[in-house]
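Colleague: Okay, here's the structure, questions in a sec.
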Amino acid sequence: MALEGRCMRCKTNREMKSLRLEKTKRGTYLARGICTKCGTKMAKILSVEQAQKYK
Ligand SMILES: [Zn+2]
């Protein structure tokens, strides 16, 4: 399932590839990925509910 995040280089929302989820100390999740267009690293904070869709 694709996840969109904001790419700082494209300055728009892009799909993230190579998606990895990390659990934060606060119990939320951090999704890390790479912009499909330019290859810039992206990160997006996810709630637990959102994160469960991408596991
Ligand atoms: Zn980009």
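Colleague: Determine the pairs where a residue that is without any contact (Cβ under 8 Å) to a residue 60 or more places away in the chain, located within the stretch 36-55, has a partner that is outside any strand (DSSP E or B) and of a type in the set (Gly, Ala, Ser) with Cβ atoms under 7 Å apart, the partner being 6 or more residues away or on another chain.
Modeller: Val48/Gly27
Colleague: Collect the residues in the chain that are more than 16 Å from the ligand (Cβ to nearest atom), surrounded by fewer than 12 Cβ atoms within 10 Å (Cβ to Cβ) and assigned to a loop (DSSP other than H, G, I, E, B), keeping them in residue-number order.
Modeller: Of everything in the chain, those that are more than 16 Å from the ligand (Cβ to nearest atom), surrounded by fewer than 12 Cβ atoms within 10 Å (Cβ to Cβ) and assigned to a loop (DSSP other than H, G, I, E, B) turn out to be Met1, Thr24, Lys25, Arg26, Gly27, Ser47, Lys55.
We did not get these values from a lab; they are worked out from the coordinates using the rules stated. These numbers were taken from a predicted model, which means no experiment stands behind them. In this analysis, Cβ positions are derived from the backbone assuming ideal geometry, glycine residues included, and neighbour counts consider all displayed protein chains.
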